[in-house]
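Peer 1: Have a look at this one.
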Amino acid sequence: MTQSSNPPFLFRVCYSDTDAAGFVYHARYLEIFERSRSEWLQQRGLSPTKLVKEFGIVLPVREIMMNFHRLGRLDDLLSIDQIIEHRGRTKIAVKQTAKRIAEGLEPELLATALLHIVCVDTSTLKLKGLPDWLFAADQ
């Protein structure tokens with residue numbers, strides 16, 4: 001199991017992230033986790049556009065399983081972590097967590113997701129080996 005060496009992604013819940021009761025709408029966690037993965041790429045000097053244009057690959061989510069532990073609320077500050085739990089030749093399993101953080105309190109787990117992400121060649125649309133350089137900062 002490899003843990004990401006990047007600092008957690010911080011996200012403040014705003015009105016558009018919530019439902020009529022003021023709680024984080026469950027589907028918004030997918031978007032929040034996606035932003036965190038995008039930031040993971042940015043910290044490596046990469047972006048989805050650069051992966052396509054310069055390296056001819058995309059990294060789509062093939063499967064996702066989510067669990068909701070507590071309700072997130074409007075104005076919460078969330079800390080999003082990601083841990084690469086398994087890395088195969090063409091896919092990785094990434095566990096992401098969303099925790100509410102507040103000064104003086106222990107972080108409170110709100111949601112977790114386990115994602116299987118694959119590497120796909122943009123020309124052939126077939127699975128392709130994950131490049132080692134993508135994970136260099138995590139080693």
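The values are calculated or read from the model by the stated rules, or taken from the named source; none is laboratory data. Only a predicted model underlies this, so the values are computations on that prediction, with no experimental measurement involved. Positions of Cβ are backbone-derived with ideal geometry, glycine not excepted, and every protein chain shown enters the neighbour counts.
Peer 1: Only one of ARG44, ARG37, ARG70 is within 30 Å of ASP132 (Cα to Cα), of a type outside the set (Gly, Ala, Ser) and assigned to a loop (DSSP other than H, G, I, E, B); which? Show your work before the answer.
Peer 2: On the way: ARG37 fails: assigned to a loop (DSSP other than H, G, I, E, B); ARG70 fails: within 30 Å of ASP132 (Cα to Cα).
Among ARG44, ARG37, ARG70, only ARG44 is within 30 Å of ASP132 (Cα to Cα), of a type outside the set (Gly, Ala, Ser) and assigned to a loop (DSSP other than H, G, I, E, B).
Peer 1: If you take the residues of region 101-114 that are part of a loop (DSSP other than H, G, I, E, B) and either within 15 Å of the chain's Cα centre (by Cα) or of a type in the set (A, V, I, L, M, F, W, C) (or both), which of them is surrounded by the most Cβ atoms within 10 Å (Cβ to Cβ)?
Peer 2: Only one residue tops the list, namely ALA102.
Peer 1: I've got another one for you. Could you list all residues from region 12-60 that are surrounded by fewer than 17 Cβ atoms within 10 Å (Cβ to Cβ), in contact with an Asp or Glu (Cβ under 8 Å, 6 or more places away or on another chain) and either among the β-branched types (Val, Ile, Thr) or at positive phi (or both)?
Peer 2: GLY56
Peer 1: For residues that are more than 12 Å from ALA111 (Cα to Cα) and among the small types (Gly, Ala, Ser), scanning just region 45-98, find the one that is farthest from the chain's Cα centre (by Cα).
Peer 2: Only one residue tops the list, namely GLY56.
Peer 1: Further, regarding this structure: Can you report the number of residues in region 63-87 which are under 18 Å from ARG37 (Cβ atoms), touching a Leu at 6+ places or on another chain (Cβ under 8 Å) and either free of Cβ contacts under 8 Å to residues at least 12 places away in the same chain or of a type outside the set (A, V, I, L, M, F, W, C) (or both)?
Peer 2: So the answer is 4.
Peer 1: Something else now. I want to confirm something. Restricting to region 64-89 and keeping residues that are polar (S, T, N, Q) and surrounded by 14 or more Cβ atoms within 10 Å (Cβ to Cβ), which single residue is modelled with the highest pLDDT?
Peer 2: So in region 64-89, the residues polar (S, T, N, Q) come out as 67, 79, 82.
From what is left, the residues that are surrounded by 14 or more Cβ atoms within 10 Å (Cβ to Cβ) are 79, 82.
On the way: SER79: 98, GLN82: 93.
Looking at the filtered set, the residue picked out is SER79.
Peer 1: Can you tell me which of (1) closer than 27 Å to VAL52 by Cβ; (2) not in a loop (DSSP other than H, G, I, E, B) is the one ALA98 doesn't meet?
Peer 2: If we test ALA98 against (1) closer than 27 Å to VAL52 by Cβ; (2) not in a loop (DSSP other than H, G, I, E, B), just (1) comes out false.
Peer 1: Looking at region 115-127, I want the residues that are in contact (Cβ under 8 Å) with a residue 24 or more places away in the chain and part of a strand (DSSP E or B) and have a partner that is surrounded by fewer than 14 Cβ atoms within 10 Å (Cβ to Cβ) and acidic (Asp, Glu) with Cβ atoms under 6 Å, at least 6 apart or on another chain. Which pairs are those?
Peer 2: HIS116/GLU63
Peer 1: Before we move on, is SER16 touching a strand residue (DSSP E or B) at 6+ places or on another chain (Cβ under 6 Å) and either over 23 Å from ASP132 (Cβ atoms) or in contact (Cβ under 8 Å) with a residue 60 or more places away in the chain (or both)? Steps first, answer last, please.
Peer 2: Values: touching a strand residue (DSSP E or B) at 6+ places or on another chain (Cβ under 6 Å): no; either over 23 Å from ASP132 (Cβ atoms) or in contact (Cβ under 8 Å) with a residue 60 or more places away in the chain (or both): yes.
Considered against the rule, which asks whether it is touching a strand residue (DSSP E or B) at 6+ places or on another chain (Cβ under 6 Å) and either over 23 Å from ASP132 (Cβ atoms) or in contact (Cβ under 8 Å) with a residue 60 or more places away in the chain (or both), SER16 comes out as no.
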